[in-house]
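Engineer: This is the structure, below, for whatever I ask next.
Nothing in this text is a laboratory measurement; each read-out follows from the coordinates by a stated rule. What you see is a predicted model; the values in this text were computed from it and never measured. Cβ: placed from backbone, ideal geometry, glycine included. Neighbour counts: every protein chain shown.
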Amino acid sequence: MTQQPPEIDIYCERVFAGLFDEPLNLISNAAFLIAAYTLLLLSRKHISPEHRAQSYDIFFLIAFVAIIGMGSALFHSYATLWSKFADVIPILIFQLGFIAIYASRIMKLSKIKILGLIAVFFALSIGSGFFPYDWLNGSLGYAPALIFVLGFGIYHFKSGKTEPRILLFAAAAFAVSLTFRSIDNAVCYSFPMGVHYMWHILNGLVLYLSVRAVIVNVKYKS
């Protein structure tokens, strides 16, 4: 039986349409599940039982860290259009949720200002879409997220939050992960398995650090 090309083939590791044709890209999504589990343990330490009802937004973020891993695993298993949506939609939901929750919980911004931040994020995202996809292997689409993590990181540090450098570390890890994502196809000749799996591993760390920044700094009403 002749092997068929995948419906979507944008990563070095995939050659055919087999379910396990991207083993490293598939398995490396465990980083998101590990991050979600570790965040859940952290939340149980920092959020008292009487405050957990007020923490639905934080548990929303933790849940979506795991959902991102599962959605990405589906895409790297099937490489189809529907699995692509399963990959990118949870990422978008998490990004919007994190912006809103960090701005509300930590920065204490008004709803109007939060909507303004989200509008800026969408404007940057739309702007990045005007560049050809093959520029940096589509990684420019994540530039708005990097800008926001860096911006929040500067605020976090300057305002003296608990673990003040944590979002700056997240931004640095995100920049490195974007580099691995960007060069994946360029290094195929030297590394046939590619390096996209490092995008998953480092992004698991990025999401862990980002949500941790919220958990350890959130304040509750008595």
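Engineer: Would you calculate the separation in nanometres between label points at A63 and K108, each defined as 7 Å from the Cα along the Cα-to-beta-carbon direction?
Structural biologist: About 2.9 nm separates the two model spin labels.
Engineer: A further question on this structure: Below 12 angstrom from the Cβ of I114, what's the summed charge of the other residues (Lys, Arg +1; Asp, Glu -1)?
Structural biologist: That works out to +4.
Engineer: Using θ = phi - 60° and the Karplus relation 6.51 cos²θ - 1.76 cosθ + 1.60, list the HN-Hα couplings for the stretch 115-120 in order, rounded to whole Hz, with x at every Gly or Pro.
Structural biologist: 4, x, 4, 5, 4, 4
Engineer: Measure nothing but the geometry: give the 0 to 90° angle between the long axis through the Cα atoms of 30-46 and the longest principal axis through the Cα atoms of the chain, rounded to 10°.
Structural biologist: Approximately 10 degrees, to the nearest ten.
Engineer: Further, regarding this structure: How much length is gained on full extension from F130 to A175, taking 0.36 nm per residue of separation minus their Cα-Cα distance?
Structural biologist: That works out to 14.1 nm of additional length.
Engineer: Where in the chain lies the longest segment free of chymotrypsin sites (Phe, Trp or Tyr not before Pro) that are both loop residues by DSSP (not H, G, I, E, B) and have at most 12 other Cβ atoms within 10 Å?
Structural biologist: Longest gap between qualifying sites, sites excluded: 21-129.
Engineer: At 0.36 nm per residue, minus the direct Cα-Cα distance, what do A186 and I27 gain on full extension? Give it in nm, one decimal, please.
Structural biologist: Length gained between A186 and I27: 55.1 nm.
Engineer: Further question on the same structure: Out of these labelled values of P(r) over Cα pairs in 5 Å bins from 0, in percent, (1) 1, 6, 13, 16, 16, 14, 11, 9, 7, 4, 1, 0; (2) 1, 7, 13, 18, 20, 15, 11, 7, 4, 2, 1, 0, 0, 0; (3) 1, 6, 11, 13, 12, 9, 6, 4, 4, 3, 3, 3, 3, 4, 5, 4, 4, 2, 1, 0, 0, which was calculated from the coordinates shown here?
Structural biologist: (2)
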